[in-house]
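Student: One structure, pasted below without further comment.
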Amino acid sequence: MAPQKPGHLTYADVTPKSVYLDRRKFLRGVGITAIAAFAGKRLYDVAVPSPSVQAGTKLTTIKGPFSTDEKINTFDVVSHYNNFYEFGVDKEQPAKNAQKFVTSPWTVAVSGEVAKPRKFSIDEILKLAPLEERIYRHRCVEGWSIVVPWIGFSFSTLAKLVEPTAKARFVAFESYYDPSQMPLGREAGIALPYVEGLRLDEAMHPLALLCVGMYGETLPNQDGAPVRMILPWKYGFKSIKSLVKIRFVKDQPDSTWNLYAPREYGFYSNVNPEVDHPRWSQARERRLPEFFKSHKTLMFNGYGDQVASLYTGLDLRKNY
Ligand SMILES: Nc1nc2c(c(=O)[nH]1)N[C@H]1C(S)=C(S)[C@@H](COP(=O)(O)O)O[C@H]1N2
Ligand SMILES: [Mo]
């Protein structure tokens, strides 16, 4: 028999049978036909993530603690007025530029001063604990605020599984960064990957949310899919998006905005109407979609009853 031309090789010819069968099972499992897989599309167009992690997948939730009864912003505002510099520095850019962001497969690596370092797939994270809906205020350092029904559970739930050692005093977080998917990141002006940090007791506070969704669904890409932090008593930039690395560490970690302008952005970045940003007042805020700053900003963004005791004895003017 004459050898076939390379162009006639089928997938089965070049793939060990076991892999081939597994792959078929995988493709069937996520509802993709072999036809689509062979149509010559780029891998991320056909390798659809497992249904649980696609943006916009419905999530089953229970009512979580700490919710405000203030008016919730529309999904449209929260998903079209974003800061996500990896996808552009203008508010409307992330919604457009993050559409093709590949968030599957996704793992979060947890390491450092822990007894049980491990990686969590996003599917594992979604199953770690009942998913809670928590309606939180969110205050950006720029002076605007929103109210969002986030979905997730306390970060401490995940942290306890890796068993931080006695040496762990801080937690360092890192976002995903791939310049080929995020070409505007090079022009963002900040160092990437985006990094953030918390003191261990802040990270373990039950208000600190490991967030996987909003408005009953998995997160839109522009809001930090598939998993991010939400720290409602701090300025929004502490709430790092699209998390891939978590490290428990001895020393205070770097944070992106502090590296960029240390005089303007401190490590703590607790919402504080009494401490102005060097270039503008923080006393008031505009609740989107309003234009005027008709809301007074509250100490710790209104979460003082929960978190003020974390900062007893700390000079919040020095530790801004
Ligand atoms: N990786 C990453 N995380 C980020 C940012 C960013 O640019 N990159 N912006 C921060 C800022 S300034 C704010 S206000 C919030 C915005 O979150 P939202 O777009 O979901 O409202 O994300 C924070 N997390
Ligand atoms: Mo922000």
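Student: Quick check on Lys234: is it within 16 Å of ligand 2 (Cβ to nearest atom), farther than 19 Å from Leu158 by Cα, in contact (Cβ under 8 Å) with a residue 24 or more places away in the chain and buried (at least 23 other Cβ atoms within 10 Å of the Cβ)?
Tutor: Criteria met by Lys234.
Student: Give, as residue ranges, the strands (runs of 3 or more DSSP E) completely inside the stretch 85-154 that count at least 2 residues that are among the charged types (D, E, K, R), in contact (Cβ under 8 Å) with a residue 12 or more places away in the chain and within 16 Å of ligand 1 (Cβ to nearest atom).
Tutor: Here the list reads 132-139.
Student: Filter the stretch 272-303 down to residues that are in a loop (DSSP other than H, G, I, E, B) and acidic (Asp, Glu) and give me whichever is nearest to Trp144 (Cα to Cα).
Tutor: Going through the qualifying residues, I end up with Glu290.
Student: Checking Gly112 against (1) more than 16 Å from the chain's Cα centre (by Cα); (2) within 15 Å of ligand 2 (Cβ to nearest atom); (3) not β-branched (Val, Ile, Thr): exactly one of these is not met. Which one?
Tutor: (2)
Student: Return the residues of the stretch 172-190 that are under 18 Å from Phe248 (Cα atoms) and away from ligand 1 (no atom under 12 Å from the Cβ); say none if nothing qualifies.
Tutor: Ala172
Student: Every residue in the stretch 50-84 that is at pLDDT below 95, within 17 Å of Pro220 (Cβ to Cβ), among the small types (Gly, Ala, Ser) and in a loop (DSSP other than H, G, I, E, B), please.
Tutor: Those that are at pLDDT below 95, within 17 Å of Pro220 (Cβ to Cβ), among the small types (Gly, Ala, Ser) and in a loop (DSSP other than H, G, I, E, B): Ala55, Gly56.
Student: For His295, indicate whether it is touching a strand residue (DSSP E or B) at 6+ places or on another chain (Cβ under 8 Å) and in contact (Cβ under 8 Å) with a residue 12 or more places away in the chain.
Tutor: yes
Student: Can you tell which of Asn301, Asn270, Asn258 is farther than 27 Å from Lys167 by Cβ and surrounded by 16 or more Cβ atoms within 10 Å (Cβ to Cβ)?
Tutor: When all the criteria are applied, what remains is Asn301.
Student: Suppose we keep only residues that are touching a Leu at 6+ places or on another chain (Cβ under 7 Å) and more than 25 Å from Arg118 (Cα to Cα) within the stretch 221-254. Which one would you say is nearest to ligand 1 (Cβ to nearest atom)?
Tutor: Pro232
Student: Let me ask you something else. Hey, Pro193 hits all of (1) within 9 Å of ligand 1 (Cβ to nearest atom); (2) touching a helix residue (DSSP H, G or I) at 6+ places or on another chain (Cβ under 6 Å) but one; which does it fall short on?
Tutor: (2)
Student: Looking at the stretch 286-298, is at least one residue within 15 Å of ligand 1 (Cβ to nearest atom) and within 19 Å of the chain's Cα centre (by Cα)?
Tutor: no
The values are calculated or read from the model by the stated rules, or taken from the named source; none is laboratory data. Here the structure is a predicted model, which is why all the values come from computation and not from measurement. Cβ atoms come from the backbone with ideal geometry, glycine included; neighbour counts cover every protein chain shown.
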